[in-house]
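A quick write-up on the structure given underneath.
The values are calculated or read from the model by the stated rules, or taken from the named source; none is laboratory data. Everything numeric in this text was worked out from a predicted model, so none of it was measured. Here the Cβ positions follow ideal geometry from the backbone for every residue, glycine too, while neighbour counts run over all protein chains shown.
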Amino acid sequence: MKTDEASSTALSVAQCILYRAGQADTASLVSEEVRDALHKILRSSDEGKKILAQSKSSFYKKILSIKERLLIPGISLHYILRKRYIEDYTLNCIKDGVTQVVNLGAGFDTLCYRLSKRFCHVNFIEIDHPATGRLKVNAFKDETCFDKNLTLIQVDFTQQTLEDCLGSHTKYFRDKPTLFISEGVYIYLTEEQVRHQLRVLREMTTIEPKLIFTYSPPDAMKSQNNGILLPLYLKIKGEPFNWAIMNHELGGFLKSNGYVLKSSKSPEEFKSNYLRDDYKGVINIAEHIAIAEGIV
Ligand SMILES: C[S@@+](CC[C@H](N)C(=O)[O-])C[C@H]1O[C@@H](n2cnc3c(N)ncnc32)[C@H](O)[C@@H]1O
């Protein structure tokens, strides 16, 4: 990614959510709470204000829909559904005793912010590149949860390691039952970087950590699921796809890194939780969601 600009993919996720929130067939999938939180984040910067203005323009909605067809058909709906699935899992974890949630590469995701207000006993931490993270700090700095049970850590992983920025942070507790979320991030890391991160997450907890993450099998990333201009677009934006793994290799890969795979859902599987059987829109099937537990 470009180091002086907010992540274009994170902005694009926010833009897609607002777009879907404005479409009759998918508006009910985006709660008022999510919309308000996203507006709050985006209002705090010029980049964000631009996205908010665009989300109200019917011309931009048309552009967005053409762009989606050329790049990744069905991706805006996918973002909403993967976020719903991750939120449901997070709520279950909290119900089961998790008291710390760490979102790695959080972008403009609103989950930790919203839940930090509802679950005061849970410690929420987000980590992101300063170019993206600073926008959220601006948005949340006056909130009562800010720096209490919601901490935003800004770090460039090309300059500093996760051990250094999180392991020694005063707001991170190694002995709390922890859920790590890595949504839409591992695809941009190399396999070596993913392995390293998995190892570090285990080493930074004294209780088996839970992990929910998105990944793509190589065949799911082929052109029938993606638009023709996607490879060129990612190259220009400086956020190319780096890591993919076959479904049948995931369990072994996680095991070799000290994790037990608990579940892995294809988009068709997790989408069925939220969409009616007769939903006619395009469903993107490129990205899966896995849940794993680390062995400490
Ligand atoms: C595709 S976005 C995903 C955002 C969010 N997880 C979501 O799904 O809505 C990838 C995120 O990784 C972050 N990121 C990329 N490179 C990074 C780096 N070198 N250091 C820290 N964060 C980075 C970006 O700032 C961005 O927020």
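Values computed for the structure shown
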quantity	calculated
Matching residues in the stretch 169-186 - criterion: being outside any strand (DSSP E or B) and over 30 Å from Ser76 (Cβ atoms)	His169, Thr170, Lys171, Tyr172, Phe173, Arg174, Asp175, Lys176, Pro177
Selection from the stretch 102-147 of residues that are in contact with a Cys (Cβ under 9 Å, 6 or more places away or on another chain), more than 13 Å from the ligand (Cβ to nearest atom) and at pLDDT 90 or above	Ser116, Lys117, Cys120, Phe124, Ile125
Residue pairs meeting the criteria (Cβ under 9 Å; at least 6 apart or on separate chains; first free of Cβ contacts under 8 Å to residues at least 24 places away in the same chain, in the stretch 265-278; second part of a helix (DSSP H, G or I) and of a type in the set (Gly, Ala, Ser))	Ser266/Ala220
Residue check, Ala6 surrounded by 14 or more Cβ atoms within 10 Å (Cβ to Cβ), outside any helix (DSSP H, G or I) and within 16 Å of the ligand (Cβ to nearest atom)	yes
Among (1) assigned to a strand (DSSP E or B); (2) farther than 24 Å from Leu77 by Cβ; (3) free of Cβ contacts under 8 Å to residues at least 60 places away in the same chain, the one test that Glu293 misses	(3)
Filter pass, Leu254 being assigned to a strand (DSSP E or B) and within 20 Å of Tyr89 (Cβ to Cβ)	no
Unmet requirement for Thr151, which otherwise passes all of (1) in a helix (DSSP H, G or I); (2) of a type in the set (Ser, Thr, Tyr); (3) out of contact with any helix residue (DSSP H, G or I) (no Cβ under 7 Å at 6 or more places or on another chain); (4) without any contact (Cβ under 8 Å) to a residue 60 or more places away in the chain	(1)
Members of the stretch 20-34 found to be closer than 17 Å to Tyr279 by Cβ and either touching a Phe, Trp or Tyr at 6+ places or on another chain (Cβ under 6 Å) or part of a helix (DSSP H, G or I) (or both), listed by number	Arg20, Ala21, Ala27, Ser28, Leu29
Scan of the stretch 12-48 for residues that are within 9 Å of the ligand (Cβ to nearest atom) and either in contact with an Asp or Glu (Cβ under 8 Å, 6 or more places away or on another chain) or closer than 25 Å to Asp142 by Cβ (or both), ordered by number	Val13, Ala14, Ile17
Selection status of Gly184, more than 13 Å from the ligand (Cβ to nearest atom) and among the small types (Gly, Ala, Ser)	no
Within the stretch 187-224, considering residues that are in a loop (DSSP other than H, G, I, E, B) and within 16 Å of the ligand (Cβ to nearest atom), the one nearest to Leu250 (Cα to Cα)	Ser216
Some residue of the stretch 60-78 being aromatic (Phe, Trp, Tyr) and either buried (at least 18 other Cβ atoms within 10 Å of the Cβ) or within 15 Å of the ligand (Cβ to nearest atom) (or both)	no
Check on Ala37, on the phi < 0 side of the Ramachandran plot and either in contact with a Lys or Arg (Cβ under 6 Å, 6 or more places away or on another chain) or outside any helix (DSSP H, G or I) (or both)	yes
Residue tally, condition closer than 13 Å to Thr9 by Cβ and among the aliphatic types (A, V, I, L, M), over the stretch 172-187	2
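Residue-wise test of (1) part of a loop (DSSP other than H, G, I, E, B); (2) buried (at least 22 other Cβ atoms within 10 Å of the Cβ); (3) charged (D, E, K, R).
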{"site": "Gly107", "(1), (2), (3)": "yes, yes, no"}
{"site": "Tyr113", "(1), (2), (3)": "no, yes, no"}
{"site": "Glu143", "(1), (2), (3)": "yes, no, yes"}
{"site": "Glu163", "(1), (2), (3)": "no, no, yes"}
